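Reviewing the structure listed below.
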Amino acid sequence: MDLIADDMPNGATRVRLNGRLDIAGAGEIETRFSALAGAKRALIVDLSGVEFIASMGIRMLLIGAKTVKAKGGRMVLLGARPDVADVLKTARIDAIVPLCADLAAAAAAVEP
């Protein structure tokens, strides 16, 4: 699992995840992801490169979202593939963390 973080001009941070967000993948990036969630107030998590998500990946995303929200910030999920989006919707994650189809919508959703 790869994690690449880039600061955007609007002050948000885009975190691109690539690979399988299963127990092994989440374990590889959880420390870095948690550090970003603890340091940033506007986080766009790009899931377009995630080919599979399991409960440990969902757990990592939820903890990150709660961490960002506790500081008064916002986190959104961007560009999830249809099968990954279906898992997130079935688990009702979209009720807690918005799912955005494009970068412009994601950037608008994390604006203060």
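The values are calculated or read from the model by the stated rules, or taken from the named source; none is laboratory data. Because the structure is a prediction, the values reported are computed rather than measured. Cβ sites come from the backbone with ideal geometry, for glycine too, and all protein chains shown count toward neighbours.
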Hey, LYS89 among the basic types (Lys, Arg) and buried (at least 17 other Cβ atoms within 10 Å of the Cβ) or not: no
Test: ALA107 is in contact with a strand residue (DSSP E or B) (Cβ under 9 Å, 6 or more places away or on another chain), part of a helix (DSSP H, G or I), surrounded by fewer than 21 Cβ atoms within 10 Å (Cβ to Cβ) and in contact (Cβ under 8 Å) with a residue 40 or more places away in the chain: yes
Selection status of VAL84, touching a helix residue (DSSP H, G or I) at 6+ places or on another chain (Cβ under 6 Å) and surrounded by 19 or more Cβ atoms within 10 Å (Cβ to Cβ): no
So VAL87, is it closer than 19 Å to ASP2 by Cα, among the hydrophobic types (A, V, I, L, M, F, W, C) and touching a Phe, Trp or Tyr at 6+ places or on another chain (Cβ under 9 Å): no
Residue list for region 6-21, restricted to those being surrounded by fewer than 16 Cβ atoms within 10 Å (Cβ to Cβ) and either among the acidic types (Asp, Glu) or under 17 Å from SER48 (Cα atoms) (or both): ASP6, ASP7
Entirely in region 10-102, the helices (runs of 4 or more DSSP H) that have 3 or more residues that are closer than 17 Å to PRO112 by Cα and in contact (Cβ under 8 Å) with a residue 12 or more places away in the chain: 55-70
ILE58 vs. criteria among the aliphatic types (A, V, I, L, M) and in contact with a strand residue (DSSP E or B) (Cβ under 6 Å, 6 or more places away or on another chain): no
Some residue of region 60-70 being farther than 13 Å from ARG14 by Cβ and at pLDDT below 95: no
